[in-house]
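The values are calculated or read from the model by the stated rules, or taken from the named source; none is laboratory data. Predicted model, so just to flag it, every value in this text is computed and none were measured. When we count neighbours, we look across all protein chains shown, and the Cβ atoms used for this are built from the backbone with ideal geometry, even at glycine.
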Amino acid sequence: VRIYLQFQSSQTREHRARLGYAFRLFCAIYGHQPLLTPEEANSADIWITYWEDEHQLGTRPTLQLSNGYTPRLASVPAPAPWPFRCGDEDTVLVHAPKSGSEPDWFGEIFEWVSCADEYSVRKRDMFGRIPFAESYVARHKLRVDIPYAAVAMRLLQKALCRLVPNALLQPVCPIPSTSHFVVNTHDVDYLPVGYFSSLHRLGKNAAISLLIRHRPGLAAKQARWAMGMALGGHNPLDQLPILMSLEARRRVGTSYFFLVVQYHRRDGNYDVSDPVVLGLMRLLEEHGMEVGVHGSYTSLDEPSRLASEFDVLRRHGFRPAGGRQHWLRFTLERVIPALEKAGASYDASLGWSETAGFRAGACFAFPPYSFEREQPANFLEIPLIIMDAVLPVGVNGLAESYNKAMQILSISQRYGWGGISLLWHPTAFGGGQYPEELGETFWRLLDHSVHSGERWVSAAGFVRAVAQRYVECGLLPA
Ligand SMILES: [Zn+2]
């Protein structure tokens, strides 16, 4: 469908840039063609307008939106949400419409996807991150497992379907044979490079299992493994080669993100210039997997440090296209320019370390909005919606963590064609660090996807498959 968006004369340049971004993003996800110049207006199938009086409207089918959103200072939080119900969708609106008129859907999409409210949060946790408790969703007791931006898009599409009878209700995936894209990623925080450090790590994991996780059975097993390893046995933390070969056998696309510097004690325990580590990374590429950058703990503390980390991999002969921030230690105002400087084509950091769900209200990929330049950033954000460590592993073990992960994934499937990322650390497999059920959950999710038309891909593979759609909608440079 060709859609023309008509602004109101009172809307400023900055206001139009933001609504126009949300409009282009809606078109990219649903497979529409966005038209924004008055010259193109006559070729549109449908108009969406911010004008309120009838005589300004054209003769085409036209959807009138409320003019609800107004730009505000970054330090000002978003207004409190209003409950909103439409058909079977129970959602909220950040800007309440006048009664009887259509909400400002592009304003709603913009609020969520830009994460504008996050810029007003000054509090940081002990690791320098924005705490989930300070998020818009947590402050207003909303549900983190509802992708509010995707709900807004669906309700807008429903309104358009009433005007253009043959329009499809569902978003149209750029790759028709795929129903849902899952970007499969592993952050390599630890490699069993030294014998004594592995022994130490196993002992520490056993203590954590016993004292923090209250899993005496697992703790005993880990302690036994440590003993076995001390006597010359296998190291159960050495999971990466097994994981790689199992994924290769199933022809699953995968991204492995490596820490390339050791500036901080929370960075990795390995050195990427170690021939053993380089050999492992080359082996991954030979198996068709992607090697990307796990931005170090302090990579955003200086403006060009992240770019220099990408350069480290380039000097070793790799071509990193993106990655994720270690410990999810980032704020958007720092990570966006840093990734642009690094020449990244994607990032997969936007998620919460405390919980599974949709940090930007998005179950789709999008270029983050750069408030600094008042335009979309030139890379795709692939939101992180599930990380191994946030899944519950209680007495019911596998069933509990699997059901939680499936619940989030099926919500994403319901609203579109995906473009979200999952994170399983290699040490989540085999029980050496986390309970074994977490690794088993991963394989069960993968087995389930095979039957549902879902495709698990690497981040770079995903970007290759879909970037053109974003380029055509004016969201990414060609
Ligand atoms: Zn990490």
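Every residue, every condition in (1) under 22 Å from the mean Cα position of the chain (by Cα); (2) under 30 Å from residue 93 (Cβ atoms); (3) outside any helix (DSSP H, G or I); (4) at pLDDT below 75, yes or no:
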{"position": "146", "(1), (2), (3), (4)": "yes, yes, yes, no"}
{"position": "160", "(1), (2), (3), (4)": "no, yes, no, no"}
{"position": "167", "(1), (2), (3), (4)": "no, yes, yes, no"}
{"position": "170", "(1), (2), (3), (4)": "yes, yes, yes, no"}
{"position": "177", "(1), (2), (3), (4)": "no, no, yes, no"}
{"position": "203", "(1), (2), (3), (4)": "no, no, no, yes"}
* Asked: Among the residues of region 409-423, is any free of Cβ contacts under 8 Å to residues at least 24 places away in the same chain, assigned to a helix (DSSP H, G or I) and of a type in the set (Ser, Thr, Tyr)?
  -> yes
* Asked: In region 1-21, how many are surrounded by 15 or more Cβ atoms within 10 Å (Cβ to Cβ), more than 16 Å from residue 64 (Cα to Cα) and of a type outside the set (D, E, K, R)?
  -> 4
* To do: For region 210-218, state whether one or more residues are of a type in the set (Gly, Ala, Ser), more than 16 Å from the ligand (Cβ to nearest atom), closer than 28 Å to residue 314 by Cβ and at pLDDT below 95.
  => no
* Give 344, 360, 377, 365 a once-over and let me know the one that is buried (at least 21 other Cβ atoms within 10 Å of the Cβ) and closer than 26 Å to residue 125 by Cα. => 360
* Tabulated pairs, region 161-180, first closer than 25 Å to residue 448 by Cβ, second modelled with pLDDT of 90 or more and of a type in the set (Phe, Trp, Tyr), C-beta under 6 angstrom, 6+ apart or interchain -> 171/30; 171/417; 173/417; 180/417
* Can you give me the number of residues within region 281-306 that are away from the ligand (no atom under 16 Å from the Cβ) and under 19 Å from residue 382 (Cα atoms)? => 2
* **Those residues of region 77-95 which are in a strand (DSSP E or B) and surrounded by fewer than 15 Cβ atoms within 10 Å (Cβ to Cβ), in sequence order** => 82, 83, 85, 86, 89, 90
* Structure fact -> Of (1) surrounded by fewer than 21 Cβ atoms within 10 Å (Cβ to Cβ); (2) within 16 Å of the ligand (Cβ to nearest atom), residue 165 fails just (2)
* So, of the residues in region 322-379 that are acidic (Asp, Glu) and over 10 Å from the mean Cα position of the chain (by Cα), which turns out to be farthest from the ligand (Cβ to nearest atom)? -> 374
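Residue-by-condition table, conditions (1) over 17 Å from residue 18 (Cα atoms); (2) in a loop (DSSP other than H, G, I, E, B); (3) aliphatic (A, V, I, L, M):
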| residue | (1), (2), (3) |
| --- | --- |
| 351 | yes, yes, no |
| 355 | yes, yes, no |
| 358 | yes, yes, no |
| 362 | no, yes, yes |
| 372 | no, yes, no |
| 393 | yes, yes, yes |
| 400 | yes, no, no |
| 406 | yes, no, yes |
* To do: Return yes when residue 312 is outside any loop (DSSP other than H, G, I, E, B), buried (at least 20 other Cβ atoms within 10 Å of the Cβ) and hydrophobic (A, V, I, L, M, F, W, C) and no when it is not.
  => no
* Restricting region 239-273 to residues that are assigned to a loop (DSSP other than H, G, I, E, B), touching a Leu at 6+ places or on another chain (Cβ under 9 Å) and more than 13 Å from the ligand (Cβ to nearest atom), which is nearest to residue 127 (Cα to Cα)? -> 272
